[in-house]
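Structure first, then comments.
The values are calculated or read from the model by the stated rules, or taken from the named source; none is laboratory data. The structure presented is a predicted model; accordingly, all values stated were derived computationally and were not measured. FYI the Cβ positions are ideal-geometry reconstructions off the backbone, even for glycines, and counts take in every protein chain you see. Ligands, DNA and RNA are stripped out before the accessible areas are found, and what is left, the full protein with its side chains, is counted by its heavy atoms. Shrake-Rupley method; radii C 1.70, N 1.55, O 1.52, S 1.80 Å.
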Amino acid sequence: MIPTSLTEEEFNRFITLIYKVAGIKIPNTKRVLVSNRIRRRLRATGLDSFSRYYLFLTSSSGSKEMPHFLDEITTNETYYFRDIHQYNWFSDAFLPEIVQKARLGKRPKRLRIWSAAASNGSELYSLAIKIQEKKAILNGWSIQLLGTDLSASALNSARVGVFDARTLRLVEPDLRRKYFDESPETGLATIKPEIRGMATWKPHNLIRPSLEDPFDCIFLKNVLIYFDAGSKAIVAAHMIKVLATDGYLVLGPTEVMGSMLEGLTKRQTWLYQKSI
Ligand SMILES: C[S@@+](CC[C@H](N)C(=O)[O-])C[C@H]1O[C@@H](n2cnc3c(N)ncnc32)[C@H](O)[C@@H]1O
């Protein structure tokens, strides 16, 4: 029979592993939650003890299990237009600003956006909708939208692009009609191909060396809360490196990076810009 809870020693071994692999710092108070989540993987793999599961997970034959394990551990809560003021900034300030710069010959007509903890894609598709709504001023632009996440199942959901009513609750009715195909039978809505086709998805671990090409805007929201100062500092250094000159980093409204973002100029509590 599968035990109900991790022992303190087992719990410590798992949270050390999670920190090493994903930078996520799990507090000691979460032993029951972590036990419950790992129990699901014990059931799925047919193993009957936490220790045996740990040995399997960290063995060479268990490498395929790691993504499933991380899927259980990560929290993928997200929804369209979360923190709407940030999306309004994106469409009413950021997009006109870069268009104006391009008109003055100060930048190419090329836009690269990165949703760096993309979960099921709601964040990046919200940005794609904002861009589509501004297509009149973006005529002739090359636009690349990249969504990355540690969680393979979240990225699969993003690729499929089917969403429930809760995830879509902040989408205005006219945008919903325009950009989603609704199914009255299931109550689910599928993002239209014109929006889905704008986005590219790939796995990426934020604490690993970062992507190469510079981004004009990076959304890094509601993920730093799971990191400690050490992991945050690693991520901050990566972000600073891959931001284009004049590019913006958008954080969750309550996320604090403090002095780790030295080198960027604070424009709002949640908005940083890389100056020359
Ligand atoms: C709460 S969701 C936030 C989604 C979206 N950014 C938002 O604000 O609505 C956090 C996401 O971060 C991802 N995540 C956690 N640790 C990560 C890591 N080390 N590298 C990449 N993604 C990570 C999780 O898989 C999850 O999808």
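Odds and ends about this structure:
- Around the Cα centre of the stretch 1-115, unit charges on the Cβ atoms of Lys, Arg, Asp and Glu (plus for the first two, minus for the last two) sum to a dipole of about 640 debye.
- Dividing the convex hull volume of the alpha-carbon atoms in the stretch 1-120 by its residue count gives 153 Å³ per residue.
- Per-selection Kirkwood Rh - the stretch 172-251 (Cα, Å, 1 d.p.): 15.5 Å
- A simple rule links phi to the HN-Hα coupling: the Karplus curve 6.51 cos²θ - 1.76 cosθ + 1.60 with θ = phi - 60°, which for the stretch 138-145 gives 10, 4, x, 7, 8, 10, 10, 10 Hz, with x for Gly and Pro.
- Under a Gaussian network description of the chain, with springs only between Cα atoms under 10 Å, the residue in THR148, THR186, THR254 that fluctuates furthest is THR186.
- DSSP-defined antiparallel bridges as percent of all bridges, the stretch 56-208, nearest 5: 30 percent
- Range of Cα positions in the stretch 41-92 per principal axis (Å), largest first: 53, 20, 14
- For the chain, DSSP calls about 40 percent of its internal beta bridges antiparallel.
- Over the chain, dividing the summed -39,500 (n - 2.57) contributions of all DSSP H runs of at least 4 residues by the number of residues returns a 222 nm mean residue ellipticity of -11500 deg cm²/dmol.
- Amide hydrogen neighbours beyond the local backbone of GLY147, cut-off 5 Å, H modeled: SER115, THR200, TRP201, LYS202
- Whole-number Å³ per residue for the convex hull built on Cα positions in the chain: 142 Å³
- Order of exposure, largest accessible area first, which applies to TRP114, TRP141 with probe 1.4 Å: TRP141, TRP114
- Loop-located trypsin sites (Lys or Arg not before Pro) in the stretch 68-148 whose Cβ has at most 12 other Cβ within 10 Å (DSSP): LYS106
- Gaussian network model of the chain, Cα within-10 Å springs - most flexible of SER49, SER153, SER61: SER61
- Qualifying trypsin sites (Lys or Arg not before Pro) for the stretch 139-248 [loop in DSSP, other Cβ within 10 Å: at most 11]: ARG166, ARG169
- Assigned charges on the beta-carbon of Lys, Arg, Asp, Glu; the chain dipole about Cα centre (debye): 480 debye
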